[in-house]
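Structure record follows, encoded as structure tokens.
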Amino acid sequence: MKQMLSALSFFLLVCSWPAKAVLDVEITQGTEDALPIAIVPFNWTGAPVAGGTEIQPGMKWAEVISSDLLRSGRFAPVAEKDLLSRPQSAENLDFKTWRVGGIDHLVIGSVSAAGVNQYTVQFQLFDVLKGEQLLGYSFTTSSLRRTAHHISDLIYQQLTGQKGAFNTRVAYVTVSRELGTASYKLEVSDADGYNPVTILTSTQPIMSPSWSPDGSQLAYVSFENKRAQIFTQVLATEQRTPLSAFKGLNGAPVWSPDGKQLAMTLSKDGNPDIYVLNLQNKALTRITRHWGIDTEPAWMPDSKTLVFTSNRSGKPQLYRFTQAGQRPQRLTFEGEYNASAEISKDGLKMAFVYKDKSGFKIASMDLETGIMDVLTDGPLDESPSFAPNGSMILYAEGQRGALAAVSFDGRFKQRLVARDGEVREPSWSPFTK
Amino acid sequence: MRNYLFILLAAVLLAGCPAQPPKGDDAVTKKDTTTTSTADSAGDKDAVQTGKLDGADKTNSTALTGGDQPYRKDAIHDANSPLSQQVIYFDFNASAIKSEYRDLITWHGRYLASNQDMKIRLEGHTDERGSREYNVALGDRRAQSVKRMLMFQGATKKQIEVISYGEEKPVGLEHTEAAWAKNRRVQLVYGAM
């Protein structure tokens with residue numbers, strides 16, 4: 001029965017895919033303490049101004065905001081059909097009804113035309129229990145989805161105290177195979193899977209996308225010339241710069257948080273080792289010197305300390321390198337495979353790939369206490385990437401060729417289903433202005 | 001004749017451990033064992049005996065494993081030659097050459113030493129388990145292991161190119177041990193200089 005249900009829900013999911021979303025979200029594990037919130041469909045007031053349209057834009061504001069808040073795992077938005085009423089202004093709010101209905105917070109809003117492809121959006125957030133307004137904003141905008149995500153960010157920050165990450169983007173690699181030929185694509189979409197843009201298409205593998213800290217560029221590995229090369233690409237202009245094409249490996253590019261350096265793995269001196277390229281003067285500094293494999297560098301917030309994967313102990317484990325001449329400090333001791341670290345922006349947590357008897361899973365470690373948590377079930381999970389606010393970790397489920405996300409405490413899980421082919425190597429963008 | 005024998009001996013001494021002719025299914029993958037192994041064993045015997053008894057064609061001085069001219073240029077395309085076997089398989093998370101592939105790599109090394117106008121690209125691959133960039137490094141280590149053995153037999157640096165694709169180019173797409181075993185490999189891709 002359970003299986004039938006999930007098959008059915010999958011079917012519904014497939015059939016209800018919105019035209020412009022490449023990924024759709026399926027909540028696989030919810031939490032009980034999510035905040036109940038009601039977002040009333042925004043009222044179209046028409047009210048044409050000179051050159052303005054009288055036609056309501058197709059986007060449903062309340063739906064976009066509800067699904068943002070749902071995906072965060074911190075909120076339980078009421079489904080539109082279950083709304084008790086649809087108040088359109090603060091004057092006729094009956095807080096008592098909402099209170100009885102178990103709703104803690106209420107959002108209402110309205111949209112009107114402000115010019116050619118310009119709209120004015122207003123929204124208010126109310127505390128139902130206290131019967132008072134917590135937020136009230138008015139925007140004039142032409143990018144509707146961005147503004148809706150911005151509203152989600154404001155609500156999220158007001159109610160959780162943490163900065164929202166809805167107005168961000170995700171880079172990932174897709175692979176589709178047809179008649180033995182593979183097609184690799186590097187794509188960037190909004191964090192909710194909408195507006196996917198193909199950045200690069202190739203018949204040869206594309207790997208390891210990494211965002212510049214200002215969100216304007218991606219670094220990645222491309223095998224388009226039948227060898228591994230690192231490129232950077234400016235998203236707005238499509239300007240590509242080949243950055244490294246040394247003999248041997250050129251892999252795992254990662255931008256330093258200060259934006260001035262790029263850490264990478266090269267094997268030009270014989271073994272896979274970590275190097276840092278100064279992006280201003282192009283000086284290349286070798287960081288590790290070991291006959292084993294050293295790869296997958298990750299930066300600490302100081303833009304000096306690096307965490308990396310090494311098999312110097314015989315099996316892949318994670319190490320922290322502070323400065324030249326000092327022995328790297330081993331961070332992981334549990335299990336025989338710990339790799340592919342990513343550090344949260346505040347430097348407090350590390351997400352990585354951990355293997356136990358039942359497979360490869362995403363784990364996190366508190367870097368102060370060294371306490372480790374296994375967050376996912378495997379069996380082929382990889383490529384963890386923190387949301388810029390540290391609330392979620394995006395990763396790839398190799399078994400399904402899909403992306404998934406888990407809250408940093410492992411309590412809330414969701415799967416992002418691709419429209420076609422296989423999706424892998426997600427990389428969550430930094431906050432963008 | 002004497003010349004030939006001397007070179008043959010020298011080759012054996014230099015190599016340290018002479019490559020044994022393929023017997024049964026330990027040297028070649030299971031698929032084409034029967035045909036290749038019988039043909040090669042017979043051929044190998046001939047070569048050794050001819051060398052001892054008769055003044056064979058002196059131009060054919062590299063000798064050892066099979067047929068009249070085991071390292072002739074087109075041997076890599078001959079289904080009866082062990083040189084047509086061009087994939088080396090590995091254990092999980094390991095880059096050590098398994099004993100059953102030592103002879104095969106030795107023969108490829110001697111082939112390259114005898115055909116300096118040939119080049120080879122060693123493509124390292126892994127199965128899909130574990131992290132992607134670590135797997136690229138692991139694929140590189142596998143290809144480097146093969147490269148070292150080829151060079152030990154006289155292949156030159158110039159002839160060998162190494163590339164690792166990690167887990168990016170699997171031959172088996174299933175998430176099974178059988179597919180993983182097929183994917184943990186180094187492919188030997190020959191080409192002209």
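Worth pointing out:
- Of all the residues in region A:294-339, those that are away from chain B (no Cβ under 11 Å) and part of a loop (DSSP other than H, G, I, E, B) number 20.
- Residue ID - nearest to the other protein chains (Cβ to nearest Cβ), chosen from residues in region A:197-217 that are among the small types (Gly, Ala, Ser) and closer than 16 Å to A:GLN239 by Cβ: A:SER212
- The single condition among (1) under 25 Å from the mean Cα position of the chain (by Cα); (2) surrounded by 15 or more Cβ atoms within 10 Å (Cβ to Cβ) that A:GLY115 does not meet is (1).
- If the condition is being crowded, with 18+ Cβ neighbours inside 10 Å and either closer than 16 Å to A:ILE37 by Cβ or at pLDDT below 95 (or both), then region A:155-166 contributes A:ILE155, A:TYR156, A:LEU159, A:GLY164, A:PHE166.
- Taking region A:162-180 as the range and being β-branched (Val, Ile, Thr) and part of a strand (DSSP E or B) as the test, the residues that pass are A:VAL170, A:VAL173, A:THR174, A:VAL175.
- Comparison of A:PHE408, A:PHE412, A:PHE360 shows that the only residue that is within 14 Å of another protein chain (Cβ to nearest Cβ) and more than 11 Å from the chain's Cα centre (by Cα) is A:PHE360.
- Odd one out for A:ASN278 among (1) modelled with pLDDT of 95 or more; (2) surrounded by 15 or more Cβ atoms within 10 Å (Cβ to Cβ): (2)
- A:LEU159 meets the conditions (1) outside any strand (DSSP E or B); (2) under 20 Å from the mean Cα position of the chain (by Cα); (3) touching a residue at least 60 places away in the same chain (Cβ under 8 Å) in every case but one. The failed one is (2).
- Test: residue in region A:262-275 that is in contact with a Lys or Arg (Cβ under 7 Å, 6 or more places away or on another chain) and of a type in the set (A, V, I, L, M): no
- The listed residue being farther than 17 Å from B:GLU133 by Cβ and acidic (Asp, Glu), out of A:ASP273, A:ASP192: A:ASP192
- Residue match in region A:230-245 (condition: part of a loop (DSSP other than H, G, I, E, B), touching a residue at least 40 places away in the same chain (Cβ under 8 Å) and either over 25 Å from the mean Cα position of the chain (by Cα) or surrounded by 15 or more Cβ atoms within 10 Å (Cβ to Cβ) (or both)): yes
- When restricted to residues that are surrounded by fewer than 15 Cβ atoms within 10 Å (Cβ to Cβ) and either free of Cβ contacts under 8 Å to residues at least 24 places away in the same chain or part of a strand (DSSP E or B) (or both), region A:357-372 contains 6.
- Residues located in region A:81-106, provided they are in contact with a Ser or Thr (Cβ under 8 Å, 6 or more places away or on another chain) and either among the charged types (D, E, K, R) or not assigned by TED's automatic domain parsing to the domain that holds A:LEU135 (or both): A:ASP94
- Region A:123-156, residues that are farther than 21 Å from A:GLY215 by Cα, of a type outside the set (Val, Ile, Thr) and under 21 Å from the mean Cα position of the chain (by Cα): A:TYR156
- Residues that are within 14 Å of chain B (Cβ to nearest Cβ) and in contact with a Leu (Cβ under 6 Å, 6 or more places away or on another chain) are absent from region A:278-293.
Residue by residue, here is whether (1) within 19 Å of A:ILE151 (Cα to Cα); (2) assigned to a loop (DSSP other than H, G, I, E, B); (3) in contact with a Cys (Cβ under 9 Å, 6 or more places away or on another chain) holds:
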| position | (1), (2), (3) |
| --- | --- |
| A:LEU70 | yes, no, no |
| A:PRO87 | yes, yes, no |
| A:TRP98 | no, no, no |
| A:GLY102 | no, yes, no |
| A:VAL107 | yes, no, no |
| A:SER112 | yes, no, no |
| A:TYR119 | yes, no, no |
| A:PHE123 | yes, no, no |
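- A:THR288 being under 26 Å from the mean Cα position of the chain (by Cα) and either without any contact (Cβ under 8 Å) to a residue 24 or more places away in the chain or farther than 24 Å from A:GLY161 by Cβ (or both): no
- Selection within region A:246-258: residues that are away from chain B (no Cβ under 12 Å) and in contact (Cβ under 8 Å) with a residue 24 or more places away in the chain. The member of this set that is nearest to B:GLU168 (Cα to Cα) is A:TRP255.
- Hey, A:SER385 within 14 Å of chain B (Cβ to nearest Cβ) and closer than 22 Å to A:THR160 by Cβ or not: yes
- Within region A:187-199, tally of residues that are touching a Ser or Thr at 6+ places or on another chain (Cβ under 7 Å) and either closer than 24 Å to B:GLY166 by Cα or assigned by TED's automatic domain parsing to the domain that holds A:SER67 (or both): 1
- Restricting B:THR156, B:THR126, B:THR176 to those that are within 13 Å of another protein chain (Cβ to nearest Cβ), surrounded by fewer than 18 Cβ atoms within 10 Å (Cβ to Cβ), more than 11 Å from the chain's Cα centre (by Cα) and not acidic (Asp, Glu) reduces the list to B:THR176.
- Test: residue in region A:233-240 that is in contact with a strand residue (DSSP E or B) (Cβ under 7 Å, 6 or more places away or on another chain) and of a type in the set (Ser, Thr, Tyr): no
- Scanning region A:181-196 for residues that are surrounded by fewer than 21 Cβ atoms within 10 Å (Cβ to Cβ) and within 14 Å of chain B (Cβ to nearest Cβ) returns A:THR181, A:ALA182, A:SER183, A:LYS185.
- Screening region A:259-277 for residues that are in a loop (DSSP other than H, G, I, E, B) and touching a Leu at 6+ places or on another chain (Cβ under 9 Å) and picking the one that is nearest to the other protein chains (Cβ to nearest Cβ) gives A:PRO272.
Here is a yes/no grid of residues against (1) modelled with pLDDT of 95 or more; (2) in contact with a Gly (Cβ under 6 Å, 6 or more places away or on another chain); (3) among the β-branched types (Val, Ile, Thr):
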{"position": "A:TRP255", "(1), (2), (3)": "yes, no, no"}
{"position": "A:THR265", "(1), (2), (3)": "yes, yes, yes"}
{"position": "A:GLY270", "(1), (2), (3)": "no, no, no"}
{"position": "A:LEU306", "(1), (2), (3)": "yes, no, no"}
{"position": "A:ASN311", "(1), (2), (3)": "yes, yes, no"}
{"position": "A:PRO316", "(1), (2), (3)": "yes, no, no"}
{"position": "A:PHE321", "(1), (2), (3)": "no, no, no"}
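- The number of residues in region A:412-433 being at pLDDT 90 or above and in a loop (DSSP other than H, G, I, E, B) comes to 4.
The values are calculated or read from the model by the stated rules, or taken from the named source; none is laboratory data. A quick note: this is a predicted structure, and the numbers were derived from the prediction, not measured. We place every Cβ from the backbone using ideal geometry, glycine too, and count neighbours over all the protein chains shown.
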